[in-house]
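What follows is a set of notes on a single structure, which appears directly below.
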Amino acid sequence: IVYATILPVGEGERVDEYLLILRDITQIKALEEVKYQFVTNVSHELKTPLTSIQGFIETLKDGAIEDKVVAMRFLNIIDIEARRLYRLIQDILLLSEIENRERREVGDVVVEDAIRHVLNMVSEQAQAKGLQLVYKQTEPIILKQMSEDHFKQLLLNLITNGIKYTDQGEVSVEAFLERGSYILRIKDTGIGIPKESMNHIFERFYRVDKSRSRKSGGTGLGLSIVKHIAQLYNAKIEVESEEGKGTCFTLTFK
Ligand code: ADP
């Protein structure tokens, strides 16, 4: 896409020549399109829980409130949807913060401590599904010039995905050094990712199975956040997955 501007050049009223300026705006347009798509998607994603909340409030006001059991059921749904809204807004804000490369405090991150902290946070969720959380600890690793918040967020998103998309077996975390690089590996024995979806999973709001993602409380932004955090620290992400067998995410920090 080319954008053309014609400028008259001369002294006073007199025009001696015209200047034609051509600008290739293909990239700018593509970026605008991505932004527009994002805003459209965000609005849609925010509207869904809100519509549900409004619907149940209306029904309660119309009389359902008289029946205590029914009322409690509806209030629970409202609660779940409100929490979904909160998570969505948090993820959107975080994504925009990371995309704008806003700095968080960086320093030395003790990988083992961060992993243990995150595993503690999700242990109940794993237990509720009867899943094992395994941490394969090797040598102590310290990541330099990294934000602890970012590192924990990255771990949290990958581990909770492991839990969400696994029905039986385990989710394991491994951190080790290999040829001067730090490797972080999160592996599950879950449903796996279909081949045709592998190129899309890091896109915002992309889900292989929308209803499964919804039921497990997903926002569709988790992996997008992971990708952007990894980019911020020049880490490489690799995914291997087999349907019905499991998925393995490997991050390599130089
Ligand atoms: P969501 O909130 O839906 O989990 P994500 O961005 O974290 O969003 O992931 C995008 C999609 O990628 C998920 O909806 C799911 O279909 C797929 N996915 C992510 N992690 C896994 C995994 N460990 N096993 C199977 N599928 C996964």
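Every read-out reported here was derived from the displayed coordinates using simple, explicitly stated rules and does not represent laboratory data. Please read these numbers as outputs of a predicted model, since none were measured by experiment. We place every Cβ from the backbone using ideal geometry, glycine too, and count neighbours over all the protein chains shown.
Some observations on this one:
- For the chain, the Rg and Dmax computed from alpha carbons only, in angstrom: 24.0, 84
- Once the chain from residue 46 to residue 139 is taken as fully extended at 0.36 nm per residue, the excess over their C-alpha distance is 29.1 nm.
- Each semi-axis of the equivalent ellipsoid for segment 47-163 is √(5λ) with λ an eigenvalue of the Cα gyration tensor; in descending order they amount to 39, 20, 9 Å.
- Spacing of the modelled spin labels on residue 64 and residue 128, each 7 Å from Cα toward Cβ, amounts to 2.2 nm.
- Members of 35/227; 144/236; 35/164; 227/254; 136/187 lying beyond 20 Å, as alpha-carbon distances in this model show: 35/164
- Label-point separation, residue 196 to residue 26 (7 Å along Cα→Cβ), nm: 2.9
- Selected from 79, 113, 62 as most flexible by GNM, with the chain as the system and alpha-carbon contacts under 10 Å: 62
- Space enclosed by the convex hull of the alpha-carbon atoms of segment 3-59, per residue, Å³: 107
- The packing ranking of peptides 45-52, 134-141, 188-195, 159-166, highest mean first, is 159-166, 188-195, 45-52, 134-141, where packing means the average number of other beta carbon atoms within 10 angstrom of each residue.
- Between residue 231 and residue 14, the FRET efficiency from the beta-carbon distance, with R0 = 41 Å, is close to 0.15.
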